[in-house]
Amino acid sequence: MRARLTIVTALAAGALIAACGTDVHKKDTTDADGKAASTKADPCAPGDLTAAVTESPAPNDDDKFFRLTFTAADSTTSCYLSGPPQAMVFRDAADAELPVTVRTDSGDTKPAPVLVNDHLQAEVYVTTPLAGADTAAARTDFTMPSDGPAGTTFSLDWPSPVGSSVTVTPVTKPVS
């Protein structure tokens, strides 16, 4: 009887491992439709992504609005980002750091990881008050956090002046 119980337990454990896998780096993320999708993706690492910044119409008349868009570097990339940019600084054309305060708008919830691959992008939204947006930023440098040993650092040309403060969101799925 004891041998039979051991065999049944071993079979159940094997079935559980086969169904769930043993990779502790698997994360549940959401796909483009907001549905849960299981992925074998690891956190994004240097070289996994490209990034671009664009100025877009603001959702109100008081702000300037920018999108940081993260795209897979190639068709084999599948990784996830989470959280807001870290150590974000703005620089002028002479590479001097500008006195711009960066605040994070995390909302009321813990940011969920966002999957990036050849079909899915991720974005961070940046706003600055339109009034006083006269700081001539030429570039921004920042690091996207990672669950791994190091984040991914980006340096992007900035499209237009900002104010003395900007607010950034955690990474999210693109919203049109």
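Worth a mention:
- Relative intensity of the stretch 94-176 on a log10 scale, I(q)/I(0) at q = 0.19, 0.25 Å⁻¹, equals -1.02, -1.39, per a Debye sum over C-alpha point scatterers of equal strength in the absence of solvent.
- Extension gain (nm, one decimal) between Val89 and Asp61, 0.36 nm per residue minus Cα-Cα: 7.6 nm
- Cβ-defined net charge surrounding Ser75, 13 Å radius [Lys, Arg +1; Asp, Glu -1]: -3
- Among 132-141, 113-122, sorting by the average number of other beta carbon atoms lying within 10 angstrom of each residue, highest first, gives 113-122, 132-141.
- Calculated on the Cα set of the stretch 24-168, radius of gyration then Dmax: 15.8, 48 Å.
- Here the gap between Ala73 and Thr104, fully extended at 0.36 nm per residue and compared with their Cα-Cα distance, gives a gain of 8.5 nm.
Values quoted throughout were computed directly from the atomic coordinates according to the rules given, and no laboratory measurement underlies them. Not measured: the values here are computed from a predicted model. Because the Cβ atoms are built from the backbone with ideal geometry, glycine has one as well, and the counts that use them run over all protein chains shown.
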